[in-house]
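Asks: Take a look at this one; I'll ask things after.
The values are calculated or read from the model by the stated rules, or taken from the named source; none is laboratory data. Worth saying up front: this structure is predicted, and the values here are computed from it rather than measured. No Cβ is skipped: glycine too gets one built from the backbone with ideal geometry, and neighbour counts run over all protein chains shown. When the accessible area is computed, the model is the full protein with side chains, heavy atoms only, and any ligands, DNA or RNA have been set aside. Shrake-Rupley method; radii C 1.70, N 1.55, O 1.52, S 1.80 Å.
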Amino acid sequence: MIKDITIGQFFPGKSFIHKLDARIKIVLTGIILVMIFVCGNFYSLGLMSAFILFSFLLTRLSLRLILKSFKPLVLILVITSLLQLYYVDKGEILFSWRKLSITSGGVYMMIFITVRILSLILVSSLLTYTTSPTSLTYAIESLLSPLKVFKVEVHTFAMMMTIALRFIPTLIEEIDRIMNAQKARGADFETGSLVSRIKALFPIFIPLFVSSFKRAFELADAMSCRCYTGGKGRTRMKQQKTGVRDLCAAAAVIVLSAAVIWLNAFFGRVV
Amino acid sequence: MSILEVKNITYVYGEGTPFRIEALKNISVTFEKGELIAVIGHTGSGKSTLLMHLNGLLKPTAGKVLYEGKDIWESKKSVKQARFNVGYCFQYPEHQLFESSVQRDIAFGPRNMGLSEEEINLRVQEATQFAGIDSSLLQKSPFELSGGEKRRVAIAGVMAMKPGVLILDEPTAGLDPKGKNAVIELIKNYNIQTGSTVIFVSHNMDDVASLADRVLILSEGQIVMYDTAKNVFSRGKQLASLALGVPEITQLFLSMGERGFDLPVDIFDIEEAKAALLSLLRRQAHD
Ligand SMILES: Nc1ncnc2c1ncn2[C@@H]1O[C@H](COP(=O)(O)OP(=O)(O)OP(=O)(O)O)[C@@H](O)[C@H]1O
Ligand SMILES: [Mg+2]
């Protein structure tokens, strides 16, 4: 059960999107995220989600992954859309029951917000699905490098992130191991009230912390044994280069943004 | 009388993924009360997988595990009970120890059984003594111990539950000869003193020969032999074809047999070997 958790999963591939420079990809994703919020009517939002879907098709990843990325947030989606339905009081009344009334404005808002949230999720998973954790952290390091002027340890930060990402599966395995060891001697995670089941989880976390610290020290030793001294003078085996491809992608996003702003102005903002 | 019965179990790792492995293929076997059983087989043959089914750590993809005739997966309660009835020592003691001190780790099983504080202390004391753990270690963290000490603590933690069946997955791996002999003595004594069934995995045929009443051989997730130690080791050629060896003494007798000496091939005990060699010498002196 616990092994089904996937965080920021990467699916290797050779598509146009995969090959983009991770730095450009992060910046463009950021712009698109902002533009999703700028969208003020169904025309601009429609264009935006069409663009995101098209990019997803370009990656040639299985369409089932789209559903997979939505799954963890279904609850939030349902709650926000119901709230919209309840709070927005605009347009004609479609249905009413006691004090509750559903208006056409509310339905519009609900659809709008749902599409907006789905687009936000999809575009961010698009980034993690197509970018390996290493290039992701390298890109962050490189994007943050101007901060070095203020004596921020950008490299250390990026290295910390790489290590954290790398150890997520290891930690999950470790939880599995500890649960098995405790189950073998009669620990009970399955019966009893919800409270007692949650209580049974606590004894897992203490050994997990202990073993994580142990692992951290071992890793530090292993890194010093290979002469790791921090970011100074370190070079990369895989260099990222910005090329024509990245320029094309950037141009597409700029045109898209312009179109969104124009559509907003032309048809007026609904929200 | 049988205590544990495995009926047609199949186990598949990673069902529905490209990494699907059928680790056990329709296995049926019965373990008798009070016997000492060795499970052998080459790496990846499914030994650990089979043993983890016996106390319900793994749920069979198909088939049943019966403890004293009752299906252990009948209800959530019965699985929990199976974990107390069948004690399992992990292949790597590091995988088993998790508490902050040795004392607490050994007490973990008895505490889950709902015993009184007094009884728990008594069990911990008994188990530490039995496993030969120095009382100065009790307050240490289990992670600060040496490999051999960890192994003893892991075994003590399981023995403290006084299970009717004790399972040990490679209890002698990575120990020095002295530590190894100590663990073998420990297993033998537990079997004799409590009358419990003991099932253990080992890659060392001499350990198997000196301990086991019965030997179960697995290969590629299937049982190829389940017989008395004597019968199993008399089939040295077949063992070799399964990439398994025979005890050193048996090996010696087999090689002597090939060189033309008239000796039995099912000997793996030093006393029997002595008798056989003496009778051979006597016969030669006669001729
Ligand atoms: N957690 C797991 N996930 C997937 N496959 C596994 C897992 N554990 C074991 N296997 C596979 O199942 C098969 C049987 O493994 P098992 O651990 O039972 O072997 P074993 O006989 O105990 O070997 P060893 O002597 O090395 O301990 C192997 O092919 C192994 O690769
Ligand atoms: Mg094993």
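Matching residues to (1) within 16 Å of ligand 2 (Cβ to nearest atom); (2) open to solvent by less than 30 Å² (accessible area, probe 1.4 Å):
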{"site": "B:Gly87", "(1), (2)": "no, yes"}
{"site": "B:Pro93", "(1), (2)": "yes, yes"}
{"site": "B:Leu97", "(1), (2)": "no, yes"}
{"site": "B:Ser100", "(1), (2)": "no, no"}
{"site": "B:Pro110", "(1), (2)": "no, yes"}
{"site": "B:Met113", "(1), (2)": "no, no"}
{"site": "B:Glu117", "(1), (2)": "no, no"}
{"site": "B:Val124", "(1), (2)": "no, yes"}
{"site": "B:Gln139", "(1), (2)": "no, no"}
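Asks: If you scan region B:242-258, which residues turn out to be out of contact with any helix residue (DSSP H, G or I) (no Cβ under 6 Å at 6 or more places or on another chain) and among the small types (Gly, Ala, Ser)?
Replies: Selection gives B:Ala243, B:Ser255, B:Gly257.
Asks: Can you give me the number of residues within region B:1-17 that are away from ligand 1 (no atom under 15 Å from the Cβ) and either within 14 Å of chain A (Cβ to nearest Cβ) or free of Cβ contacts under 8 Å to residues at least 12 places away in the same chain (or both)?
Replies: 0
Asks: Might you check whether a residue that is out of contact with any helix residue (DSSP H, G or I) (no Cβ under 8 Å at 6 or more places or on another chain), hydroxyl-bearing (Ser, Thr, Tyr) and free of Cβ contacts under 8 Å to residues at least 40 places away in the same chain occurs anywhere in region A:119-141?
Replies: Checked against the condition, which is being out of contact with any helix residue (DSSP H, G or I) (no Cβ under 8 Å at 6 or more places or on another chain), hydroxyl-bearing (Ser, Thr, Tyr) and free of Cβ contacts under 8 Å to residues at least 40 places away in the same chain, region A:119-141 yields no hits at all.
Asks: Any residue at all in region B:163-180 that's of a type in the set (A, V, I, L, M, F, W, C) and in a helix (DSSP H, G or I)?
Replies: no
Asks: If a residue has to be surrounded by fewer than 20 Cβ atoms within 10 Å (Cβ to Cβ) and either more than 16 Å from ligand 1 (Cβ to nearest atom) or outside any loop (DSSP other than H, G, I, E, B) (or both) to count, how many in region B:192-207 make the cut?
Replies: The number of residues fulfilling the criteria is 5.
Asks: Mind telling me which of the residues B:Gly14, B:Gly44, B:Gly34 ends up being open to solvent by 10 Å² or more (accessible area, probe 1.4 Å), modelled with pLDDT of 90 or more and more than 14 Å from ligand 2 (Cβ to nearest atom)?
Replies: Result of the check over B:Gly14, B:Gly44, B:Gly34: B:Gly34.
Asks: What is the residue count in region B:150-190 for residues that are under 16 Å from B:Asp105 (Cα atoms) and surrounded by 20 or more Cβ atoms within 10 Å (Cβ to Cβ)?
Replies: Qualifying residue count, region B:150-190: 12.
Asks: Hey, can you tell me all the residues within region A:171-200 that are away from every other protein chain (no Cβ under 14 Å) and in contact with a helix residue (DSSP H, G or I) (Cβ under 9 Å, 6 or more places away or on another chain)?
Replies: A:Leu171, A:Ile172
Asks: Quick one: what pairs do we get from region A:142-166, first residue within 22 Å of A:Phe10 (Cα to Cα), second modelled with pLDDT under 85 and part of a helix (DSSP H, G or I), C-beta under 6 Å, 6+ apart or different chains?
Replies: Listed by first residue and then by second, the contacts come to A:Ala158/A:Thr137; A:Met161/A:Thr137; A:Thr162/A:Thr137; A:Leu165/A:Pro133.
Asks: Just to confirm my filter: which strands (runs of 3 or more DSSP E) fall fully inside region B:18-69 and include at least 2 residues that are within 10 Å of ligand 1 (Cβ to nearest atom)?
Replies: Ranges flagged: B:21-32, B:36-40.
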